[in-house]
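Q: Sharing a structure below in structure tokens format, with a few things to ask.
Derivation of every value follows stated rules applied to the coordinates shown; laboratory data play no part. The structure presented is a predicted model; accordingly, all values stated were derived computationally and were not measured. Note that we place each Cβ from the backbone using ideal geometry, even for glycine, and neighbour counts take in every protein chain shown.
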Amino acid sequence: MKFKVNQKDLYNGLNIVRQAVATSKTLPILTGVHIKAVSNNGLILKATDLELGIEYRIMADIEKEGSIVLPASQLLNIVRELPDEEIYFNLNKDKWQAEIKCLSSLFKINGYDPDEFPNLPEVNKNAEFNFPAVKLKNMIEKVIISTSSDETQPVLTGALFVIKPEEVRMISTNTYRLSYIEADMKTNIDKNVEVILPGSTLQELNSLLKEEGSAEIVIDENYVKFKFNGIVFISRLIEGEFPNYELVIPDEFNSEFYADLSRLYKAVKRASLIARLDANIIKLKAVNNMLEIDSIEGSSGYAHEEVKIEMNGNEQNINIDAGYLLDVLKVLDEEEVKFEMIGPLNPLVIKSEQDKFIYLIMPVRSQS
Amino acid sequence: MNNLHIIHADMDAFFAEVERIDNPKLEGKAVIIGGVGLGDRGVVSTASYEARKYGVHSAMPIAAAKKLCPDGIYLPARHKRYSQMSAEIFDILTKYTPLIEKISIDEAFLDIKGCERLYGKPLQIAEKIKKEVYSQTGLKISIGLSVNKFLAKLASDFDKPDGLTVVSDGDIKTFLKDLRIDSIWGVGSKFKKSLNEIGINYVKDIWPYSLTELENLFGKSGVKLYYLSRGIDERKVEVRNEIKSVSHEETFFDNVSDYSEIMAYLFKLSEKVSFRLRENNFYGKIIFVKIRYDNFSTVSRQMSFKRSFNSTDEIYKFSKKLIDDNNLVDKEIRLLGVGVSGLVDENKRQLNLFENNKKNNEKRDLDKIVDDLKRKYGFNSISKARKLFIKDKK
């Protein structure tokens, strides 16, 4: 194997695939990047921790084909520090050692036999469709916030991905709050598909997705594959049964009100400065076109805020975790937020009409 | 200015004395209280003063106690009865001040500042408490009266049993000077050894050392030592009445190594813990298990959850997971314990979107019915078949 590649291209490529590099050293070869030089096709970079796999192709002048696995963090550190010039790679196949030259720098890095590196899984085409990247990114941002960090319920650490012939949905919940978002989309699939995407996959995907272009999505029972901007992104799915979200989303309400997003966000944030010293519970009271926000009486002090609202229906009181409200206010992009309420022991519902997004927050019981 | 306002009240040989009251024949006898019906395998929880003369002390294995004091009267502990007596005594203490820090079933700190108008001078209050406890329960209590918690505790211990020791500002030096170094709170056997090595045996031996010297030698413990050795202790009497955790443990009659049997005991303990949680309207967020092996080495493990729980099933499931994940039953076990902490009041609980489904409601109803039956017909009247794996030990 022998090739030359531009420092910037290589650095950019390594940065993309590094997200799938294994962090644990159980299988040392997985802490490496698989590099394959193909004539007329450039360099194919590949990494996987067996949960997630990423493949990315970059331009390079290939003089001799071949492949090697090099330790990812070492290689990335070296390439980062090299100047923006051509880097020359040469492989010593007897020792699986790569020689790296750039201007007056010379490195020799020991790697691994590439034949021992696992192939990224083949994904059968049970469902295959295209999706605008900007929409996908928006959906992911809205559901990431509600995924659970409780490893004892793996299903809840991910998001349910529902694909219907003319509609796509994502849902996540930690059982105390829930995000639901849907998008109209002709998918051309003939049967509904429901899979659970791991939370970590959503995080990585969100950071790699750009606002333009579209993603090609392929799903089977065990894996999902996303192809976008020259990136092939394959993730294992979470097995298990996702809770029945349709049952818990209320289809009626007693009161509704609208509030200015940024005013509300700032008020809740300030009230939370006191509330978070205890359990971060705040009391919301909506009455006479005014939303009152109080920190729950605790040992640390007291905060009171008022925000003007437009309200229909009778007075409402509810106690909630301020963090759950702040999380959603951060990801909404409208100027106004819509709330719907039934009563103090029913979920607080936040809706975004332009997005078909619904967010539920379960209350904390009040002490009385 | 004399600032006597802290009382440390400590019942004398509490369990043994309660037994003596209930059975006057035990008067003047060496009485040793151990675990419940455990034969020689338990440890001494209380020894009467007569038994202490033989060298029997609490936390000593019963078998060892029997060697020292073969003619002693060995009785199983009756915790219900002791709790009842303890409640009576705390009722008396509460009359004198609301500022009570309960340390254990038979020990408490009282802050009596501001109570003088009602009950007289600090010494009179201490005397009144002693008298009232004795006349109402027949039990003797030792009291230490001083300017802070550290000195009050030392004082109550000074003239046991039935003692009343006062250490006022002016007496501090005289009182402390000849006390052994390990009477200072925080000086264990290891720390004592390193102090002895540099010639510190009595409290007065610390005095020549400066704060900086002690800090350099022993770090934070050195700083604590500096202040306590001079009778300086700023800790306040903290009123604690809320329950922090609910747990149960059991020492086995014979060591157990059979996995199914251990799980059966685990279920039994889970039942007890969850029953008590539900009785008090509590949910918990942290589960912990404790295991003592044949060689007396003890391990405990815990796991926290974002969600709160109190069902028998969940407590059993989570504690089992702790044991399985940490591989805790690889040798013979003599004690098993399960507990729940991070308690949340049912009335302040974060509600869950999915808890109102059929399966959960059925489970909750089942727990409720089982609880009712247990209350009515006794704890062992109903249980899951899993408990049948507990082998009968006559």
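Q: Nearest 5 is fine: what % of DSSP beta bridges in chain B come out antiparallel, could you say?
A: Roughly 85 percent of the DSSP beta bridges within chain B come out antiparallel.
Q: Shape call for segment A:255-361 from the C-alpha gyration tensor, a ≥ b ≥ c root eigenvalues: rounded (a/c under 1.5), prolate (a/b greater than b/c) or oblate?
A: Details: a/c = 1.65, a/b = 1.39, b/c = 1.19.
Prolate.
Q: Okay, moving on. Can you give the charge dipole size of segment B:175-223 about its Cα centre, rounded to the nearest 20 debye, using +1 on the beta carbon of Lys and Arg and -1 on the beta carbon of Asp and Glu?
A: So the dipole magnitude of segment B:175-223 works out to roughly 160 debye.
Q: Here's another thing I want to ask about it. In whole Hz and in residue order, list the ³J(HN,Hα) couplings for segment A:42-52 that follow from phi through the Karplus curve 6.51 cos²θ - 1.76 cosθ + 1.60, θ = phi - 60°; x for Gly and Pro.
A: Those phi angles translate into x, 9, 10, 9, 8, 9, 7, 10, 6, 9, 10 Hz.
Q: Would you compute, from DSSP H runs of 4+ residues alone, the mean residue ellipticity of chain B at 222 nm, taking -39500 (n - 2.57) per run and dividing by the full residue count, rounded to the nearest 500?
A: That comes out to -12000 deg cm²/dmol.
Q: Within a Cβ distance under 11 Å of A:I145, other residues only, what is the Lys/Arg minus Asp/Glu net charge?
A: Taking every Cβ under 11 Å from that of A:I145, the sum is +1.
Q: Excluding B:G28 itself, what net charge comes from residues whose Cβ is under 10 Å from its Cβ, given Lys and Arg +1 and Asp and Glu -1?
A: Neighbour charge sum, excluding B:G28 itself: +1.
Q: Taking the Cα centre of segment B:188-259 as the origin and placing charges on Cβ (Lys, Arg +1; Asp, Glu -1), which of B:Y226, B:S210, B:H248 is farthest toward the positive end of the dipole?
A: The one lying farthest along the dipole's positive direction is B:S210.
Q: Could you work out the local net charge near A:E122, counting Lys and Arg as +1, Asp and Glu as -1, over the other residues with Cβ closer than 11 Å to its Cβ?
A: Within the 11 Å Cβ shell, the charges total +1.
Q: In the protein assembly as shown, with Lys and Arg counted as +1 and Asp and Glu as -1 at Cβ, which of these residues, A:V248, A:I181, A:A215, has the Cα nearest the positive end of the dipole, that is, farthest along it?
A: A:V248
Q: Sticking with this structure for a sec: Assigning unit charges at the beta carbon (Lys, Arg +1; Asp, Glu -1) and nothing else, what dipole magnitude in debye, to the nearest 20, does chain A show about its Cα centre? Display every interim value, and only then the final one.
A: On the way: 40 positive and 57 negative charges, 232 e Å.
For chain A, the charge dipole is close to 1120 debye.
Q: Take A:M311, B:M60 and order them by how many other Cβ atoms sit within 10 Å, fewest up front.
A: B:M60, A:M311
Q: Could you tell me which of rounded, prolate or oblate describes segment A:2-116, using a ≥ b ≥ c as the square roots of the eigenvalues of the alpha-carbon gyration tensor, with rounded for a/c under 1.5 and, failing that, prolate when a/b is larger than b/c and oblate otherwise?
A: Rounded shape, in that the Cα axes give a/c under 1.5.
Q: Can you work out the Karplus-derived ³J(HN,Hα) for every residue in segment A:174-186? Use 6.51 cos²θ - 1.76 cosθ + 1.60 with θ = phi - 60°, whole Hz, and x for glycine or proline.
A: With the stated coefficients, segment A:174-186 comes to 9, 6, 9, 8, 8, 10, 9, 9, 10, 9, 6, 6, 7 Hz.
Q: Using only Cα atoms, tell me the angle between helix B:312-325 and the longest principal axis of chain B; keep it within 0 to 90° and round to the nearest 10.
A: The angle comes out near 80 degrees.
Q: Can you tell which of A:F226, B:L110, B:H57 lies farthest toward the positive end of the dipole of the protein assembly as shown, using +1 and -1 charges on the Cβ of basic and acidic side chains (Lys, Arg; Asp, Glu)?
A: B:H57
Q: Shifting gears a bit: With chain A treated as a Gaussian network of Cα nodes joined by springs under 10 Å, which of A:E310, A:E182, A:E128 yields the largest mean-square fluctuation?
A: A:E310
Q: Top mean-square fluctuation among B:K374, B:K236, B:K290, Gaussian network model of chain B, C-alpha springs under 10 Å?
A: The residue with the greatest mean-square fluctuation here is B:K374.
Q: Using alpha-carbon pairs under 8 Å, 6+ residues apart, how would you state the relative contact order of segment A:127-247 in percent?
A: 29 percent
Q: Report, to the nearest 10°, how far helix B:149-158 tilts away from the longest principal axis of the Cα atoms in chain B, using its own Cα long axis and a range of 0 to 90°.
A: Once rounded, the angle reads 80 degrees.
Q: Using θ = phi - 60° and the Karplus curve 6.51 cos²θ - 1.76 cosθ + 1.60, what whole-Hz ³J(HN,Hα) does each residue of segment A:207-213 get, with Gly and Pro shown as x?
A: Per-residue couplings from phi come out as 6, 8, 5, 9, 6, 10, x Hz.
Q: Right, here's the next one. If the limit is 25 Å between Cα atoms, which of B:K53/B:K190; B:K306/B:K384; B:K268/B:K290; A:K46/A:K356; A:K46/A:K137; B:K272/B:K306 go over it? Don't jump to the answer; show the numbers that get you there.
A: Numbers: B:K53/B:K190 27 Å; B:K306/B:K384 28 Å; B:K268/B:K290 15 Å; A:K46/A:K356 37 Å; A:K46/A:K137 23 Å; B:K272/B:K306 23 Å.
Long pairs (Cα-Cα over 25 Å): B:K53/B:K190; B:K306/B:K384; A:K46/A:K356.
Q: Same structure again: Most fluctuating residue of B:I369, B:I21, B:I172 in a GNM of chain B with Cα springs under 10 Å: which is it?
A: B:I369
Q: Averaged over A:237-244, how many beta carbons belonging to a partner chain fall within 10 Å of each residue's beta carbon?
A: The per-residue average across the peptide is 1.
Q: Moving to a separate point now. Within a 10 angstrom radius of the beta carbon, how do B:M85, A:M362 rank from fewest other beta carbons to most?
A: Going from least to most buried by this count: B:M85, A:M362.
Q: Take peptide B:299-306, look around each residue's Cβ out to 10 angstrom, count Cβ atoms belonging to other protein chains, and average those counts.
A: 2
Q: Right, another one. Most exposed first by the Cβ proxy, i.e. fewest other Cβ within 10 Å, how do A:I361, A:I44, A:I293 rank? Could the numbers behind the result be given before it?
A: Details: A:I361 26, A:I44 19, A:I293 22.
Listing A:I361, A:I44, A:I293 from fewest to most nearby Cβ atoms yields A:I44, A:I293, A:I361.
Q: Express the relative contact order of chain B as a whole percentage, based on alpha carbon pairs under 8 Å and six or more residues apart in sequence.
A: 14 percent
Q: Using the Cα centre of the protein assembly as shown as the reference point, and only Cβ charges (+1 on K/R, -1 on D/E), how large is the resulting charge dipole? Debye, rounded to the nearest 20.
A: For this selection, approximately 2800 debye.
Q: Scan chain B and report its longest stretch carrying no chymotrypsin sites (Phe, Trp or Tyr not before Pro) that are both in a DSSP loop and have at most 14 other Cβ atoms within 10 Å.
A: B:1-184
Q: Around B:V43, which amide H atoms from residues at least 5 apart in sequence, or from another chain, sit under 5 Å from its own amide H, with H modelled in the peptide plane?
A: B:G35, B:I62
Q: Next question. To the nearest 10 degrees, how steep is helix A:261-275 against the longest Cα principal axis of chain A, on a 0 to 90 scale?
A: The angle comes out at about 80 degrees.
Q: Now, a different point. Go through segment A:93-163 and name the trypsin sites (Lys or Arg not before Pro) that are in a DSSP coil and have 13 or fewer other Cβ atoms within 10 Å of their Cβ.
A: Counting only loop positions with at most 13 other Cβ atoms within 10 Å, the trypsin sites (Lys or Arg not before Pro) in segment A:93-163 are A:K93, A:K95, A:K125.
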